[in-house]
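*Asks:* Can you read through this structure? Questions will come right after.
Every read-out reported here was derived from the displayed coordinates using simple, explicitly stated rules and does not represent laboratory data. Predicted, not measured: the structure shown is a model, and the values here were computed from it. Every residue, glycine as well, gets a Cβ built from its backbone with ideal geometry; the counts of neighbours run over all protein chains shown.
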Amino acid sequence: MNFTVLSPIWGRCHTGPLWIAALLAAGMHGPAIAAPQAQRYLPAEALVKEALLASPGIDSARAQKEALNLRAQTLRTGTAEFTLRANLQERRVNASPERLHEHTLSLERPVRLWGKSAVDGQLSDKTVALAEITFNDAMHEASRELMKLWFVHAQAALGLRQAQQLVQSATQIHQLAQARFKQGEIARLDLELSQAEQQRAQAAQQLAQAELANATSALNNRYPGLPLATQAPVISTADTGDFAESQADLKQAFLAQNHELNMLRLEAERLQLWAQRARLDRLPDPTLGVYSARDRNGAEQVTGLSLSMPLAGSVRRDHALATLADAQAAADKVRRLQQQLGAEFDQRWTAFHSQRAAAAQLQSAADTQQRAADKSRKAYALGEHSLFEMLMIARAAHEQQFAASRMQLEMLESLALLQLELHQIWDFDL
């Protein structure tokens with residue numbers, strides 16, 4: 001049976017068999033396997049990026065990035081402000097009716113000393129880096145969500161295709177039963193049995209259509225404008241080969257590029273700087289000022305400099321110690337998250353290779369079952385099989401093919417998620 005094969009952007013490109021040859025089993029010796037190409041079956045990167053940037057979640061991340069950049073600028077310039085003071089007073093001299101009007105104007109500003117300005121500059125740089133990686137993480141999380149919704153849609157499309165094939169097969173069997181009933185070769189019970197099988201397949205098709213409509217609605221509502229396929233992709237063995245790099249090398253690359261881990265690393269570094277800043281704050285900053293006074297109705301003019309400095313207490317010490325403890329806790333979280341993410345990568349790696357081997361075995365079983373179904377149909381036409389036997393064997397063949405197709409799609413999803421985490425596809429980092 002031939003049907004249309006869909007290209008990565010869901011255009012019609014050529015015709016071929018229902019499913020291309022089964023995947024090579026894991027560990028099988030032979031020629032070198034091509035690098036995996038999950039992107040061939042996914043929406044084009046330009047379309048995905050456009051859909052992501054138009055989503056409300058990315059708009060929120062963009063605003064958060066802008067807020068962090070402004071906070072970084074605040075850290076660099078400092079929060080110290082000029083203070084303008086004005087004093088008006090009236091002087092009275094005893095035994096004299098004279099009243100002398102006097103005033104004082106002063107301008108003051110705290111001064112960052114003890115190396116605090118340099119630390120604030122480093123904090124500003126770290127905050128800018130954090131703003132960038134926070135936005136990249138939001139894009140990556142949205143990409144992962146879109147990919148999962150896309151595969152839910154692809155699974156629903158696969159279910160509909162399987163239901164349509166089941167209806168086609170049941171209809172052919174029912175037509176064959178009708179022909180034999182007219183010739184008096186089978187009883188009415190067998191005819192009604194074939195009709196019931198056709199009706200069951202039609203009901204399954206209606207449910208599959210509803211499931212596909214729901215998956216389409218969920219994806220369109222979340223990421224509108226993304227073109228969707230009406231059929232599940234046909235996966236080629238050449239595009240699902242093993243990675244050229246070792247698991248250890250890819251794991252190291254994954255941990256080096258993981259946004260969540262890098263965000264926590266940056267936050268730990270920022271807390272270390274905040275701890276250093278709090279330690280410097282145990283030395284208070286002086287406030288310098290200039291002032292001008294006009295005394296005795298202007299008979300005396302006074303100008304000068306002022307200097308004030310807080311007297312440090314235990315609060316500054318306790319704050320420095322608490323900030324240092326926060327920095328140590330953040331460093332511990334980095335190590336814990338690194339272990340957790342490493343274990344998750346190993347699980348994804350194992351899942352992909354297990355699914356790849358299982359898909360090959362299931363496809364082999366489906367091919368065997370399909371040959372049995374073809375033989376059963378011929379035997380029924382010759383009167384050597386009962387209708388019930390033929391229906392059961394045909395149903396088993398369809399279920400086996402559906403299981404194999406579903407496993408190949410799950411394997412493709414595991415591969416795509418692996419390549420996404422490794423930034424081999426849909427890499428939208430700034």
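*Asks:* How big is the C-alpha Rg of the range 202-327 next to the rule-of-thumb value 2.2 N^0.38 Å, as a ratio?
*Replies:* That ratio works out to 2.43.
*Asks:* What 222 nm value per residue comes from the helices of the chain, counting each DSSP H run with n ≥ 4 as -39,500 (n - 2.57) and dividing by all residues, nearest 500 deg cm²/dmol?
*Replies:* The per-residue figure over the chain is -23000 deg cm²/dmol.
*Asks:* Return the long-range amide H neighbours of Y223 (sequence gap of 5 or more, or a different chain), with a cut-off of under 5 Å between placed amide H atoms.
*Replies:* none
*Asks:* To check my understanding: the extent here is largest minus smallest coordinate of the Cα atoms along each principal axis. What are those three numbers for the range 64-211, in Å, largest first?
*Replies:* 142, 39, 14
*Asks:* Here is a further query. Report the Cα-based extents of the range 291-430 along its three principal axes, largest first, to the nearest Å.
*Replies:* 131, 34, 27
*Asks:* At 20 angstrom or more along the helix axis (alpha-carbon based) and mean Kyte-Doolittle of -0.5 or higher, what helices does the chain contain? Whole DSSP H runs only.
*Replies:* Helices meeting the criterion: 116-182, 387-421.
*Asks:* Moving on. Bin by bin, in steps of 20 Å, what percent of the Cα pairs in the chain do you find, going until the bin that has the longest distance?
*Replies:* Reading upward from the zero bin: 18, 34, 22, 14, 8, 3, 1, 0.
*Asks:* Which of the peptides 148-155, 292-299, 106-113 is most tightly packed, and how do the rest follow, going by the mean number of other Cβ atoms within 10 Å of each residue?
*Replies:* 148-155, 106-113, 292-299
*Asks:* Hey, another quick one. Can you tell which of V315, L146, L158 lies farthest toward the positive end of the dipole of the chain, using +1 and -1 charges on the Cβ of basic and acidic side chains (Lys, Arg; Asp, Glu)?
*Replies:* Toward the positive end, the furthest listed residue is V315.
*Asks:* Compute the FRET efficiency between L430 and E145 as 1/(1 + (r/R0)^6), taking r as their Cβ-Cβ distance and R0 = 25 Å, and round to the nearest 0.05.
*Replies:* 0.80
*Asks:* Where nothing but the Cβ of Lys and Arg (+1) and of Asp and Glu (-1) is charged, how large is the charge dipole of the chain around its Cα centre, in debye to the nearest 20?
*Replies:* Rounded to the nearest 20 debye, it is 540 debye.
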